[in-house]
Structures are given as C-alpha cells and as structure tokens.
1. Among (1) within 51 Å of the chain's Cα centre (by Cα); (2) open to solvent by less than 80 Å² (accessible area, probe 1.4 Å), there is one condition Leu219 misses while meeting the rest; what is its number?
2. Just one of Glu231, Glu294, Glu285 is under 60 Å from the mean Cα position of the chain (by Cα), at pLDDT 90 or above and charged (D, E, K, R); which is it?
3. Kindly indicate which of Val101, Val88 is on the phi < 0 side of the Ramachandran plot, in contact (Cβ under 8 Å) with a residue 40 or more places away in the chain, surrounded by 10 or more Cβ atoms within 10 Å (Cβ to Cβ) and assigned to a helix (DSSP H, G or I).
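The values are calculated or read from the model by the stated rules, or taken from the named source; none is laboratory data. In this text the structure is predicted, and so the values were computed from the model without any measurement. Note that we place each Cβ from the backbone using ideal geometry, even for glycine, and neighbour counts take in every protein chain shown. Heads up: the accessible areas ignore ligands, DNA and RNA and are worked out on the full protein's heavy atoms, side chains in. Shrake-Rupley method; radii C 1.70, N 1.55, O 1.52, S 1.80 Å.
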Amino acid sequence: DQYKTEYENKLKEELEQIRTKTNSEIDRLRTSTREMYERENRNLREARDMSMSEKDRAQNTERETSTKYEQLMTQFRELQMNGDNKVVELQNDLKLKGFEVERTQMVHEETVRNLKEAQLEIEKHQKKIEVLTKEYYVLQTSMEKKVVELESHISDKKAKLETYEKVEKELDDIVMQAAEVEDETEAEKVLFSYGYGANIPSTSKRRLQQSVHLARRVLQLEKINSNQKKEIDVEKLKLKQLAEELKNSNSILDQAQQPYNYLIESIRQRDNQIMKQKDYTATLENDVKYFTKEKEDLIRTKNQMSLDLERLLNQREEMSVMKQVVMNLSTRKYGEKKTQSRDLARPKSPKSLAIHLPSHDFETYDEPNIVKPGSISLTKDNPQWASKLKKKHAAQNTKFTKVYATATS
C-alpha cells in the first residue's frame with residue numbers, strides 16, 4: 001500500500017507536471033498560432049492589396065494594348081490598301097513599259113530598215129558622183145580647149161575692133177565737118193572728098209547719112225536753145241520790173257491811213273497763216289509718207305521674222321528627232337555590246353521569255369534640251385507621258401509666240 005500510494009503520488013505529480021507542461025505548451029502554441037494567423041492575415045491583406053493594384057494596372061495595360069492594337073490594325077489596313085494601289089500602279093506601269101519596249105523595237109526595226117536603204121542610196125550616189133567626176137574632168141578638158149580657142153578668137157576680134165574704132169573716129173570727124181555745112185550738096189561734096197561713094201560699103205553709107213541728119217538736128221536744137229535762153233533773159237527782166245512794182249505798191253500800202261492799213265495787215269497775216277499751214281501740211285504729208293514706208297518695212301520684217309521662226313521651229317523639231325534617233329542608236333549599240341558580253345557568260349533564255357521581259361538595251365535618257373516626238377499609242381486612251389509631251393510642246397509654242405511678240409513690239 002505504501003508503495004502503491006507512493007507510486008500514485010508520483011503518478012499524480014508527473015501527471016500534474018505533464019498537465020502543466022501541456023497547458024504551457026498549449027498556451028504557447030495558441031499564442032504562436034494566433035501570431036502566425038495574424039501574420040498570415042497581414043500578408044494576405046498586403047497580397048490582396050498588391051493583387052488589386054496589379055489587377056488595375058493590368059486592366060489599364062489591357063486597355064492601352066487594345067487601343068494600340070486597334071491603331072495598328074487601322075495602320076495595317078491602310079498600308080495594305082496603299083500596297084494594293086501601288087501594286088496596281090506598278091502593274092499598269094509595267095504594261096506601259098511593255099508597250100513602250102514594243103514600240104521602241106518597232107522604231108528600231110524601222111530605223112535599221114531606213115539605214116539599209118540610206119546606205120544603198122549612198123552607194124548609188126557615190127557611183128553617180130564617180131561618173132559625174134569623170135564627166136566633169138572630160139568637160140573641163142574640153143572647156144580648156146574651147147577657152148584657148150576663144151581667147152585666140154577674142155584677140156583677133158580685139159585687133160579688128162581697134163581698127164574699126166579708128167575708122168569710127170575718122171567718120172565722126174567727117175560727120176561733124178559735114179554737119180557744119182548747111183547745104184546738102186556741099187555736105188555730100190565733103191563726104192565724097194573723104195571717100196563717100198563706091199569705096200565705102202552700104203552700111204557705112206547709111207550710117208553717114210543718119211549721122212549727118214542727127215548732127216543737123218543737134219545744131220537746130222542748139223539754135224532753139226539759144227533762142228530760149230534769150231527769151232528767159234527777157235522774162236527775168238520782166239520779173240525784176242514786176243518785183244520793183246510790187247515793192248512800190250507795198251510801200252504805198254504801208255503808207256496808207258488807219259482803216260485801209262488795218263485791212264491790209266489782216267490780209268497779210270491771213271496770207272502768212274495760209275503759207276504756214278501749207279508748210280505744215282507739206283511736212284505732215286512727208287511724215288505720213290515716211291511712216292507708211294516704215295509701216296511697210298515693219299510689216300515686211302514681221303513677215304520675214306514669222307517665216308524665219310516657222311523655219312527655225314521646223315528645223316528644231318527635225319534636229320530633235322534626229323538627235324533622239326542618234327541617241328537611241330548609240331544606246332542600242334552600247335546595249336548590244338553589253339548583251340554580247342553577258343550572253344558569252346550566261347546561257348541563252350527561251351524566246352517566249354525574251355519577248356515579255358523588259359530589256360535594258362532600249363533605255364532612253366531624258367534630256368532637258370531634247371524634245372521627244374509624239375509616241376504611237378497602242379491603247380485606246382492616251383498615256384500620261386504623251387499628254388506631258390503635248391503640254392511641253394504647247395509651253396514651247398507659247399514661249400516662241402511671246403518672244404516673237406516682244407521682237408515685233
């Protein structure tokens with residue numbers, strides 16, 4: 001019993017100790033769990049606040065991304081539309097370039113054909129020139145012979161002419177001597193004394209008769225002239241007398257008294273005014289004649305300038321066409337050399353592809369001083385470059401008309 005009681009006491013003590021330990025541990029666990037729960041609640045609240053802020057931020061970013069997405073979609077659609085338009089334009093440009101390439105091929109073929117024809121014509125002209133040179137040398141030799149013959153003939157004729165001139169001088173002296181004689185019989189005697197008759201041929205006889213008649217006519221006209229000179233002297237004396245009488249009458253009129261003097265002065269003033277008006281009208285008529293002449297000269301120069309301008313425009317168009325043809329030929333030759341060097345390095349492409357692919361052999365370079373001719377349109381509507389060329393021609397025509405207007409003014 002004692003041991004039992006001791007054992008029970010020990011058990012009680014141990015149980016109390018265990019109970020106290022368990023109570024202390026339970027209290028400690030309760031405090032720790034309470035602290036842990038509070039800590040976890042605090043962390044959860046902070047996490048909830050963080051998650052709410054992140055949620056707001058995510059919503060804002062989502063809205064911004066949605067707006068950016070819509071903007072990018074609109075930009076993408078616009079770019080897609082622009083790309084489609086550019087593709088369509090490039091396809092149209094490709095078609096136009098294809099037409100231009102075909103046209104340039106046709107023009108090149110025509111130029112090659114024209115070159116061949118021109119070369120044939122040049123050969124023909126060279127042969128003609130050779131034949132003409134031969135004929136020219138033959139004609140030159142014949143002309144030299146004829147010139148030598150004609151020079152000898154002219155020298156003979158000059159000698160004969162000198163003799164004839166001497167004879168003519170002698171005949172003139174005879175005619176003047178015969179003309180001084182008034183009677184025809186005595187004039188004939190003078191002519192017979194110098195060989196007029198059977199010794200002189202009929203032509204010289206006829207000439208002597210005519211010269212005698214002319215000399216007599218001259219002497220008669222001289223007599224008439226002397227008589228008219230005498231009459232002129234008489235008329236001059238009469239004019240002097242009339243001038244003296246006029247002076248006397250003017251002096252008498254100046255000495256007249258008041259009413260007559262006033263009338264005379266008014267008449268004189270009127271006569272002076274009439275004379276001035278006549279002089280003024282004469283000067284005006286001369287000015288009118290001068291201005292009409294200037295007007296005719298200006299009209300003539302204007303017409304000449306218009307013709308020169310038209311000629312210059314035609315020459316400029318021809319020169320521009322020739323320059324373009326020469327440049328196309330030079331670029332063609334340069335492109336052929338390039339293609340030959342390329343063809344040696346690469347294999348030949350089939351003909352079907354060579355027809356449709358645009359070749360770089362026919363590239364033309366736009367220059368500001370060269371006016372391109374109107375292109376052959378293979379479509380129904382005129383292309384844009386044709387309208388540009390027409391506008392260029394119209395602008396140049398307006399420039400030339402302005403220059404012409406300034407020159408004429």
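1. Looking at each condition in turn, Leu219 falls short on (1).
2. Working: Glu231 fails: under 60 Å from the mean Cα position of the chain (by Cα); Glu294 fails: at pLDDT 90 or above.
Only one candidate qualifies: Glu285.
3. Details: Val88 fails: in contact (Cβ under 8 Å) with a residue 40 or more places away in the chain.
Matching residue, one of Val101, Val88: Val101.
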